[in-house]
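Trainee: The structure under discussion is supplied below as structure tokens; questions concerning it will follow.
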């Protein structure tokens with residue numbers, strides 16, 4: 001399959017990319033203010049609300065949206081659906097960027113960020129946070145290993161270091177060949193291990209909120225919250241893959257691969273349906289539907305999440321016309337992505353109500369940092385696909 005991938009041609013410095021640079025610069029300034037002035041200088045977090053937008057969106061939302069890597073790997077390698085190999089690389093690269101920026105966001109949100117290495121040497125098997133930290137580190141490492149063939153294919157035989165370092169050209173070239181050959185032999189094992197730890201991580205993130213039963217609204221607090229987090233991530237995985245594929249193909253003036261995306265979209269109603277049944281069934285069994293129409297901001301947020309983020313994309317993707325249309329499929333994927341993002345915001349921010357401390361609203365600085373992170377992720381992704389063999393291209397599209 002290697003010969004079908006190449007860096008893609010296209011104008012890099014578009015208006016959108018320049019706008020992203022502005023957001024990235026603003027985010028960098030806000031980050032400097034956070035690290036020099038402290039969390040209290042730029043955020044609205046306090047003792048009652050120790051986390052806010054950065055955890056709800058950058059970390060919890062980012063982790064959920066990074067599930068496309070292991071789900072696409074599951075159908076491509078485990079289920080041996082060969083046609084999905086063509087879209088596996090961008091899915092893995094997106095997941096890699098997602099987990100990397102999740103770690104950066106977590107580093108930003110930690111008060112004592114210099115102690116981030118602590119879980120590696122202080123193992124606390126009774127801590128949910130320990131499980132989250134270890135799973136994040138292992139999942140991220142596996143994603144970097146899975147992306148080694150992309151780098152190796154690009155630079156094997158083309159290593160050209162600057163003068164003074166060219167003595168290492170041959171050594172690096174041999175290391176790349178060794179790494180590529182080794183990964184090729186054990187890729188199925190690496191993918192399976194990645195799937196296992198990604199599932200553990202998605203569910204453990206939901207388990208984190210089980211330790212606050214008196215502070216989380218009954219519409220979201222449930223013993224099966226870890227299962228709901230896992231299934232929501234799996235349900236949103238293929239919409240994320242479809243979204244990023246259609247977006248980058250449109251940006252680079254390439255024809256979307258509907259011969260791959262349409263079959264992938266057939267999995268969406270099944271996965272969304274399972275998640276929807278679990279969510280509605282849990283609400284009915286716990287009789288929390290009594291809160292649905294009390295008019296509070298929390299219940300309204302729950303209705304928006306379920307109706308627009310789950311039910312609407314589920315119904316839309318049932319139609320063959322939607323699955324075959326790039327525009328409709330993109331819109332449906334956006335709804336599904338909105339659904340998982342608003343779910344994580346609802347669970348970690350909206351539903352969280354401590355008995356004291358007032359109401360949390362994200363500060364301007366928090367919003368700027370979040371937009372800066374998102375812009376940087378999109379920028380690096382575009383940089384990657386235009387310089388590395390990530391996307392499947394036709395022979396006439398291959399870069400020189």
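Every read-out reported here was derived from the displayed coordinates using simple, explicitly stated rules and does not represent laboratory data. Note that the coordinates shown come from a computational prediction; the quantities given were computed from them, not determined experimentally. For neighbour counting, all protein chains shown are included, and Cβ atoms are generated from backbone atoms with ideal geometry for every residue, glycine included.
Trainee: Where a ≥ b ≥ c are the square roots of the eigenvalues of the C-alpha gyration tensor, would you call segment 260-400 rounded, which needs a/c under 1.5, or, failing that, prolate if a/b is larger than b/c, or oblate?
Mentor: Oblate, because a/c is 1.5 or more while a/b does not exceed b/c.
Trainee: Note the angle between two axes, namely the Cα long axis of helix 225-251 and the longest principal axis of the Cα atoms of the chain, as a number of degrees from 0 to 90, rounded to the nearest 10.
Mentor: 40 degrees
Trainee: Among rounded, prolate and oblate, which fits segment 1-141 when a ≥ b ≥ c are the square roots of the eigenvalues of its C-alpha gyration tensor, a/c under 1.5 means rounded, and a/b larger than b/c means prolate?
Mentor: Taking the square roots of the gyration eigenvalues as a ≥ b ≥ c, segment 1-141 is oblate.
Trainee: Something else about it: Between residue 17 and residue 356, what is the label-to-label distance in nm when each label sits 7 Å out along the Cα-to-Cβ direction?
Mentor: Using points 7 Å along Cα→Cβ, the separation is 5.4 nm.
Trainee: Hey, another quick one. Ranked highest first by average number of other Cβ atoms within 10 Å, how do 40-51, 228-239, 325-336 line up?
Mentor: Order by mean packing, descending: 228-239, 325-336, 40-51.
Trainee: Next question, about the same structure. FRET efficiency for residue 175 and residue 141, Cβ-Cβ distance as r, R0 = 22 Å, nearest 0.05? Provide the component values of the computation, followed by the final result.
Mentor: On the way: r = 18 Å, r/R0 = 0.81.
Efficiency, rounded to the nearest 0.05: 0.80.
Trainee: Then there's this: Calculate I(q)/I(0) for segment 12-55 by the Debye formula, one identical point scatterer on each C-alpha and no solvent, and give its log10 at q = 0.31 Å⁻¹ to two decimals.
Mentor: Ignoring solvent entirely, the Cα scatterers give -1.04.
Trainee: Could I ask something else about it? Can you give the relative contact order of the chain as a percent, counting alpha carbon pairs under 8 Å and 6+ residues apart?
Mentor: In percent, rounded to a whole number, it is 34.
Trainee: What's the long-distance tail for segment 273-317, i.e. % of Cα pairs beyond 14 Å?
Mentor: Pairs farther apart than 14 Å: 54 percent.
Trainee: Something else: What is the helix-to-structure angle for 326-345, meaning the angle in degrees between its Cα long axis and the longest Cα principal axis of the chain, kept from 0 to 90 and rounded to the nearest 10?
Mentor: 50 degrees
Trainee: May I ask you to compute the full-extension gain from residue 110 to residue 46, defined as 0.36 nm times their residue separation minus their alpha-carbon distance, rounded to one decimal in nm?
Mentor: The span from residue 110 to residue 46 would gain 21.7 nm if fully extended.
Trainee: Taking the beta-carbon count within 10 Å as an exposure proxy, list 70, 302, 168 from fewest neighbours to most.
Mentor: 168, 302, 70
Trainee: Here is a further query. Using the 10 angstrom Cβ neighbour count as an exposure proxy, how do 87, 337 rank, fewest first?
Mentor: Values: 87 24, 337 21.
Final ranking by Cβ density, sparse to dense: 337, 87.
Trainee: So what's the chain giving for Rg/Rh, alpha carbon basis, Kirkwood Rh from the mean inverse pair distance?
Mentor: Result for the chain is an Rg/Rh of 0.97.
Trainee: Which angle between 0 and 90 degrees, to the nearest 10, do you get for helix 169-207 versus the longest principal axis of the chain when only C-alpha atoms count?
Mentor: 10 degrees
Trainee: Can you tell me the order of 293-299, 304-310 when each peptide is scored by its average per-residue count of other Cβ atoms within 10 angstrom, highest first?
Mentor: Details: 293-299: 11.6, 304-310: 19.1.
Ranked by mean Cβ neighbours within 10 Å, highest first: 304-310, 293-299.
Trainee: Then there is this: Taking a virtual spin label 7 Å from the Cα of residue 320 along the C-beta vector, which residues in segment 251-290 bring their backbone nitrogen under 16 Å of it?
Mentor: Residues passing the 16 Å test: 259, 262-267.
Trainee: Starting from the Cα-Cα distance between residue 159 and residue 33, subtract it from 0.36 nm times their residue separation and give me the gain in nm to one decimal.
Mentor: 41.5 nm
Trainee: Between residue 307 and residue 167, what is the label-point separation in nm under the 7 Å Cα-to-beta-carbon projection?
Mentor: 7.0 nm
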